Structures are given as structure tokens and as C-alpha cells.
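Q: Structure provided below as C-alpha cells; questions to follow.
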Amino acid sequence: MRRVFPVLLSAALLCFLTVSQARSDSDEVGELKNVQKLKGLAKPELVKVMKGFCAALGKKCDFCHVKGDFSSDDKDNKRTARMMLDLVDTLNEKFFTDPKEARATCYMCHRGDEKPVFAP
Ligand code: HEC
Ligand code: HEC
């Protein structure tokens, strides 16, 4: 367990570092139709972030996405995840501001589960 945790954490971190780096090149967005927060990511970069969501929540793509239409917002979990992106951004903007230190991620609360634990 001691070894697994840092690996997962750094995967989640890498994921968010990739987001901020790739946000600047807005060229290759291509056929993405309904990206409101993770704007400017090329599709492979976006999918990396998505895999980070899966790892952070211990779920597959269909936890948030309607089968056959990734751009659909029909699933509650997708809309919640979008709000959670705002939450993580706010935490990083206000509190975890040093890019060299640990930054806020989905994993820090979810730890591989859809429901974070509220009390010890
Ligand atoms: C925890 C929820 C969650 C999971 C799990 C998830 N996604 Fe997403 N996905 C989102 C959200 C939220 C957006 C919209 C992001 C935005 O608006 O910036 C999105 C957007 C997308 C888009 C862009 C679609 C478009 O045209 O606008 C693709 C493609 C995508 N996801 C693929 C995947 C794949 C592939 C997986 C599994 C590896 C996956 N997602 C897992 C929440 C999730
Ligand atoms: C500060 C802690 C925190 C962070 C960071 C966080 N979440 Fe959450 N998330 C929660 C809490 C609390 C809930 C509500 C769980 C419940 O209803 O019991 C939740 C619920 C959700 C749900 C709905 C799950 C369900 O079963 O109802 C999704 C989807 C989700 N979060 C995705 C994300 C994603 C994606 C990220 C990263 C972008 C993220 N969360 C970051 C605390 C957090």
C-alpha cells in the first residue's frame, strides 16, 4: 500500500499538470463538441485527464458518459464532475498555488471511490 499510494497520487498530479500545460495550445481540439472547462486540450490529452477521473473515482467511462455519446450531458455524474473541476481549480488558485508542491486533485478526496469519506 505504501508504494501504491505515491504512484497513484503522482499519476493524478501529472494529469493536472498536463492540463495546465496543454491548455495553451488550442489548435487540435478537432471533433470535441461540448468541452466547457477543459478547453484547448487535444483529444489524446483530454482522454488522459478522463483516465485520471476513472482512477480517482474507481470507475469506468460510463459512470459519467452515456453510451456512444461522450458529448452528451444527460448523466448527473458528468454534470457533477464539471462542478468538481471548478472546486479543484478554486482550491489550486487559492490554496495550493505553488506548482512545485502538491496540488489539489480529484484523488485527494475520492481516493479511488465515488463517495469521499467524511469522518475518520
Ligand atoms: C467522473 C466523470 C467522468 C468520467 C469517469 C469520464 N469522463 Fe469524460 N467527461 C467528463 C466531463 C465532466 C466532461 C466535460 C468536460 C468539460 O466540459 O470541460 C467530459 C468530456 C469528455 C469528452 C469530450 C466530449 C465532447 O465532444 O465534448 C470525451 C471524448 C470524454 N469525456 C471521454 C471519456 C473517456 C474515454 C472516459 C473513460 C476513459 C471518460 N471520458 C471518463 C466526465 C467524465
Ligand atoms: C474537496 C473534496 C473533493 C474533491 C477535490 C473532488 N470531489 Fe467529487 N465529491 C466530493 C464529495 C464530498 C461528493 C459527494 C459525495 C456524496 O454524495 O456522498 C463528491 C461527489 C462527486 C461525484 C458524484 C458521485 C456520486 O456518486 O454521487 C462525482 C462524479 C465527482 N465527485 C467527481 C469528481 C471529480 C471528477 C473530481 C476532480 C475534478 C472531484 N470529484 C474532486 C468531494 C470532492
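Q: Taking 22 Å as R0, compute the FRET efficiency from the Cβ-Cβ separation of Ala102 and Leu38 and round it to 0.05.
A: 0.60
Q: So which of Lys75/Lys115; Lys37/Lys59; Lys67/Lys100; Lys33/Lys75; Lys33/Lys94 end up more than 27 Å apart by C-alpha?
A: In this structure, Lys67/Lys100; Lys33/Lys94 lie more than 27 Å apart at Cα.
Q: Let me ask something else about it. Taking 7 Å along the Cα-to-C-beta vector as the label spot, tell me the Ser72-Val117 distance in nanometres, rounded to one decimal.
A: 3.5 nm
Throughout, read-outs are computed from the coordinates displayed, never taken from laboratory work. No experiment lies behind these values; they were computed from the predicted model shown. Neighbour counts run over all protein chains shown; Cβ positions are idealised from the backbone, glycine included.
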